[in-house]
Amino acid sequence: MPRVLVVEDDPQLVRALKINLQARSYEVEAAGEGATALRIADVWRPDVVLVDLGLPDMDGVELIRTLRASSRVPVLVLSARHLSEEKVRALDAGADDYVTKPFSMDELLARLRAATRRRDPVRVESAVPTVVATDDLTIDLVAKKVRREERLVRLTPTEWHLLEILVSRPGHLVPRRTLLTEVWGPGHARNSNYLRVYMAQLRRKLERDPAHPRHIITEAGMGYRFEP
Ligand code: CA
């Protein structure tokens, strides 16, 4: 049974999460404070951690950073904050994904499943995809070739680099800052306009309808996601 550690100080939400998660055969432990959460994480070794950003004793982002120092456990942020900077800080600190409160239980469960699938340390090694295929795209990460509806698509090295980062984490939000620093270097972390230009180019080459992209998705104010 997958173990979920819920770090949340709202007792009603904790109760609702427990009921729903246990009904789906998750084992659940809850902590209302960051310090307790760290102790439980250390001893109980959860498979995934849900972290509320507003905790009484500690900033949730600080908690994620501390967890990350010793563990690769998937972290899903529960955020009531609408400020995208908060979510970006959490993602930069090592969170894998986030849901904004109020959220539907179905959405949370879907993200929970995705987070545990992606970060299972045993499977990650063997499951690094070499070819990613969608109904219209075939992206070969080893040969560095992309085909759209069987036709080879020519990408510039920068376009390829961006696509490679997104595709190797399918369904996963990649923060703008990560893309900018990986492709252009740490001095360019704030040049979001580069991304807008290059993502538009990629969409023109890869999407059937670039105005309504199905694969290269913008998360407003946050980053980009590749949906297979
Ligand atoms: Ca809270």
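As a length-normalised measure over Cα pairs under 8 Å and 6 or more apart, the relative contact order of segment 3-119 settles at 23 percent. Accessible area per residue for segment 131-226 is 52 Å², calculated with a 1.4 Å probe on protein heavy atoms, without ligands, DNA or RNA. A protection proxy built from the mean count of other Cβ atoms within 10 Å ranks the segments 140-151, 18-29, 86-97, most packed first, as 86-97, 18-29, 140-151. For the chain, the longest principal axis of the Cα atoms and the long axis of helix 192-206 meet at an angle of about 60 degrees.
Shown is the FRET efficiency for ASP9 and ARG113, computed with R0 = 35 Å from the Cβ-Cβ distance and rounded to the nearest 0.05: 0.90. For TYR224, nonlocal amide neighbours, meaning residues 5 or more places apart or on other chains whose placed amide H falls under 5 Å from its own, are VAL174, ARG176, GLU219.
Tally up the carbon and sulfur contribution to the accessible surface of the chain as a whole percent, 1.4 Å probe, everything protein left in place. Carbon plus sulfur share of accessible area: 50 percent. Along segment 29-41 the Karplus relation, 6.51 cos²θ - 1.76 cosθ + 1.60 evaluated at θ = phi - 60°, assigns HN-Hα couplings of 10, 10, 9, x, 9, x, 5, 4, 4, 5, 5, 5, 4 Hz to successive residues, with x for each Gly and Pro. Where does the chain land on Rg/Rh, using Cα atoms and the Kirkwood Rh? Radius of gyration relative to Kirkwood radius: 1.00. Our estimate of slack between TRP44 and ASP135, defined as 0.36 nm per intervening residue step minus the Cα-Cα distance, is 28.6 nm. Within the same chain, lysines fewer than 8 places from LYS145 are excluded, and of the rest, those with a Cα less than 21 Å from its Cα are LYS205. Per-residue ellipticity at 222 nm, computed for the chain from helices alone with -39500 (n - 2.57) per DSSP H run of at least four residues, works out to -13500 deg cm²/dmol. Applying 1/(1 + (r/R0)^6) with r as the Cβ-Cβ distance of GLU33 and ARG151 and R0 = 41 angstrom yields a FRET efficiency of 0.15.
Listed by chain and number, the aspartates and glutamates whose C-alpha is less than 18 Å from the C-alpha of LYS18, apart from same-chain residues fewer than 8 away, are GLU8, ASP9, ASP10, GLU27, GLU29, GLU33, ASP47, ASP52, ASP106, GLU107.
Within the shell of other residues whose beta carbon sits under 9 angstrom from the beta carbon of ILE216, the net charge comes to +1, with Lys and Arg scored +1 and Asp and Glu -1. Compared with the alpha-carbon gap, the fully stretched path from SER70 to GLN201 is longer by 43.2 nm at 0.36 nm per residue.
The values are calculated or read from the model by the stated rules, or taken from the named source; none is laboratory data. Since this is a predicted model, take the numbers as computed values, not measurements. For neighbour counting, all protein chains shown are included, and Cβ atoms are generated from backbone atoms with ideal geometry for every residue, glycine included. Surface accessibility is based on the protein's heavy atoms, side chains included, excluding ligands, DNA and RNA. Shrake-Rupley method; radii C 1.70, N 1.55, O 1.52, S 1.80 Å.
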